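Read-outs throughout are calculated quantities, based only on the coordinates presented, and are distinct from any laboratory measurement. Not measured: the values here are computed from a predicted model. Neighbour counts run over all protein chains shown; Cβ positions are idealised from the backbone, glycine included.
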Amino acid sequence: MLINGTEDLRVQKTIDAISKTFEDMICEMDYEKITVKELCCNSSV
């Protein structure tokens, strides 16, 4: 997804939440074990 700064604030917050959660999860578990479902649940998306 290209982010060009014109996205709705909700989209920006969602992307930020998912990115932050992914960074946290990658420190706690192996990359191969991270699922989209876990990522979304942990980021409250």
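Details
- Top-ranked residue of region 1-22 - restricted to ones that are among the hydroxyl-bearing types (Ser, Thr, Tyr) and under 8 Å from the mean Cα position of the chain (by Cα), ranked as surrounded by the fewest Cβ atoms within 10 Å (Cβ to Cβ): 19
- If you go through region 25-45 and keep only what is surrounded by 12 or more Cβ atoms within 10 Å (Cβ to Cβ) and either touching a Gly at 6+ places or on another chain (Cβ under 6 Å) or not polar (S, T, N, Q) (or both), you end up with 25, 34, 38, 39, 40, 45.
- Residues located in region 23-33, provided they are within 14 Å of the chain's Cα centre (by Cα), farther than 15 Å from residue 45 by Cβ and among the aliphatic types (A, V, I, L, M): 26
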